[in-house]
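Participant: My structure is below; once you've seen it, I'll send some questions.
What follows draws every value from the coordinates through simple rules; no lab data is involved. The shown structure was predicted, so the numbers you read here are calculated from the model rather than taken from an experiment. Note: ideal-geometry Cβ built from the backbone for every residue, glycine included; neighbour counts use all protein chains shown.
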Amino acid sequence: MTPDAATRAQPVSAYEAAVRALLSPLPGEPILTASDREALFAASALPPGIPGARFVVSAGTVVALLGSGRHGRAAETAAKLAAEADELRVQTAPSLLPDVYSAIADGLLAVGETRRAHRFADVAARMAHEHGRVASAYRAQGIAALALAMSGEHAAAAEVIVSTSALADRYGWPRSETAYHLLLAHALRAEARGDAAELQAVAEEMRNSASDVRWLLSSWAVSAVAALLDGDSATAIAHSRQVTSTVAAGSAPPALRGFALGAHADALVLRGEPSRALAMLDGESSTMDHCVCLDGLRAGAYLHLGDLSAALRATAPCMRSAAHHSHRTLGRVLLTRALVFERLGRRDAARASLEDALSVWTDPREAFVSPLLPLREVAPVAAALVRRSALQERFAQILVRADAGARASVRAATPPLLLTRREREVAYALRTSSHATNAELAASLHVSVNTLKTQLKTLYAKVGAHERRGAVRMLESVGFYDVPFDAR
């Protein structure tokens, strides 16, 4: 072969590799080979005479990059393709167009661009059905379902999950790379419902079906969230570290890594270490659409530390981008702000934030409220929504769900409190004399004010609090006051 002929042959090989890459996630298609990946990564020219060749090669490269764990480059390439969507649609062969659009959607979704990902996946599914490409429609719908679930649009996600699963059943397709998106969508819906058992089932299925490291890392992230819901902070931390801190963690999509970071941070707060959670989140960023909202997690940690001003500052970016903020996390951010405003005595602001949160959570069955947030503190605020009876009912339903899991979760996560008799006496006095001054409290305990301050400092350190209300709340959450003082 002459040098000129060899130069012409390389891009054709890259185009063929791109086509195989685009089809590789479909049921029944062979997985992408290392030689195909190399051909795509080395491509430097385009074959003449093939319409839309550069778009096909770029889209195939997105698939190859995702499979290689190079998510940043995959997202950049997908974003460039998305910017040329009009030209791409005209030039690309109709038979490949759905798969090109799905590749773009998958690349965007890896970094948490849920809205744009859904738009491309939805168009891909419709085009695939129009051209009789059922397998391509199956892949596109799976991506669309995950994008919706990541956005917190669970009702819409459920519809897509049902129709997509029906396609698999109709054609007898086994678990394939395409099922990855469906399983994660299932997991996010289970998280919203607070269903730890379903999350564990999904994690197990992902481990058993793992075709690459992305499946395995995702299974760890899902099982970390399940452990968190069960109140098992040690397991939640151990499993989340598999996604954030191991050698293989470098292959985790940024959005998946963000989910694991969130579980890790919540687990630290759950076991009374909000300062460590803040240190771990330092320098980390939320995803573009805030489907992973680290600002909201920081605010929750500050709330547990009693630093209300810092909690409000942490949520400021969320408020600036509220119109584009993922509903999956926006409700929690708004509820955190409602709690902060209530503690600051700003009842009108608390009511407005709570009303906004309840407007986001349109279905109480899928409004995930972290057991870390003391929802009952804003119950009086909800009762004041006199002209919004529907929101009051929604709050009541959410409160029932939150109460069902909160006490068991925190009890399971918190080691027994080793308090001295004097510390127990102080702890009970804090609750029965909640509005007493230090001087009044010291007098009731027959100690000096300085001695009381020393005893309070020791008690706060043991329960992970920084002020009276926080100490009482932590003690209540672990059932400390369920046993009368004399019985101890």
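Participant: Note down the magnitude of the dipole of the chain about its Cα centre, charges +1 on Lys and Arg C-beta and -1 on Asp and Glu C-beta and zero elsewhere, to the nearest 20 debye.
Facilitator: 1360
Participant: Among Gly258, His181, Val162, whose Cα projects farthest towards the positive end of the dipole of the chain, with charges put on the beta-carbon of Lys, Arg (+1) and Asp, Glu (-1)?
Facilitator: Positive-end residue among those listed: Gly258.
Participant: Over the stretch 312-369, what is the mean sequence separation of C-alpha contacts under 8 Å (at least six apart), divided by residue count, expressed as relative contact order in percent?
Facilitator: For the stretch 312-369, the relative contact order is 31 percent.
Participant: Something else now. Which whole-number value in Å³ per residue fits the convex hull of the alpha carbons of the stretch 306-413?
Facilitator: Cα convex hull per residue, to the nearest whole number: 107 Å³.
Participant: If contacts are Cα pairs under 8 angstrom and at least 6 residues apart, what is the relative contact order of the chain in percent?
Facilitator: For the chain, the relative contact order is 10 percent.
Participant: Same structure again: Taking the chain as the reference, fit the longest principal axis to its C-alpha atoms, fit the long axis of helix 3-23 to the helix C-alpha atoms, and give the angle between the two in degrees, 0 to 90, nearest 10.
Facilitator: For 3-23 against the chain, the angle is about 50 degrees.
Participant: Once you charge only the Cβ atoms, +1 for Lys and Arg and -1 for Asp and Glu, what is the size of the charge dipole of the stretch 61-154 about its Cα centre, to the nearest 20 debye?
Facilitator: Rounded to the nearest 20 debye, it is 140 debye.
Participant: A follow-up question, please. Is it possible to state the helix-based mean residue ellipticity at 222 nm for the chain, with each DSSP H run of 4+ residues giving -39500 (n - 2.57), the sum divided by total residues, to the nearest 500 deg cm²/dmol? What is it?
Facilitator: Helix contribution divided over all residues of the chain: -22500 deg cm²/dmol.
Participant: Give the long-range amide H neighbours of Asp289: residues separated by 5 or more places, or on another chain, with amide H under 5 Å away, using H modelled in the peptide plane at 1.01 Å from N.
Facilitator: Result for Asp289 returns Thr114.
Participant: Continuing with the same structure: Viscosity 1.002 mPa s, temperature 20 °C: give me the Stokes-Einstein translational D for the stretch 3-193 in µm²/s, with Rh taken as the Kirkwood radius over C-alpha pairs.
Facilitator: Value of D from the Cα-based Kirkwood radius: 130 µm²/s.
Participant: Another one. Seen from all sides and averaged, what is the projected area of the convex hull of the Cα atoms in the chain, in nm²?
Facilitator: Convex hull of Cα atoms, orientation-averaged projection: 26.3 nm².
Participant: Roughly how big is the stretch 127-180's charge dipole about its Cα centre, with Cβ charges of +1 (Lys, Arg) and -1 (Asp, Glu), in debye to the nearest 20?
Facilitator: Charge dipole of the stretch 127-180: 180 debye, to the nearest 20.
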